[in-house]
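S.K.: Provided herewith is a single structure, encoded as C-alpha cells, for subsequent inquiry.
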Amino acid sequence: MLVLTRKINQSIEIGDDIRVVVVGIEGGKVELGVLAPPEIAIRRSAAAHPSTTRLRRSAQDDTPTSQ
C-alpha cells in the first residue's frame, strides 16, 4: 500500500484517467472528490483492513512536488 499525505486542493492521479482530490478536512474526516470516466465504477468501503493501520504508522511521508 502506498500512503500519501496531501493538503486541501492537492490530488493524486491513478493511471491516465482518474484523479482523487482532497476537497476538505474537518475534524477527523477527509472529504475527497474523484474525477473518473463514467465507465469506471467507484465504490466506497467503510471497513479498514487491520494491516492498514500498521502500514500507515510505519510509512514515511511521501509528498511529491508535482500534482
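The values are calculated or read from the model by the stated rules, or taken from the named source; none is laboratory data. In this text, all values refer to a predicted model and were calculated from it rather than measured experimentally. Here the Cβ positions follow ideal geometry from the backbone for every residue, glycine too, while neighbour counts run over all protein chains shown.
S.K.: Got a sec? Which of 5, 63 is modelled with pLDDT under 65, part of a loop (DSSP other than H, G, I, E, B) and either under 13 Å from the mean Cα position of the chain (by Cα) or at positive phi (or both)? Break it down into steps so the answer makes sense when it comes.
M.R.: On the way: 5 fails: modelled with pLDDT under 65.
So the residue among 5, 63 that is modelled with pLDDT under 65, part of a loop (DSSP other than H, G, I, E, B) and either under 13 Å from the mean Cα position of the chain (by Cα) or at positive phi (or both) is 63.
S.K.: What are the pairs, 6+ residues apart or on separate chains, where a residue within region 16-29 that is loosely packed, with under 14 Cβ neighbours inside 10 Å has its Cβ under 7 Å from a residue that is assigned to a strand (DSSP E or B)?
M.R.: Partner pairs satisfying both residue conditions: 23/31; 23/32; 23/33; 24/31.
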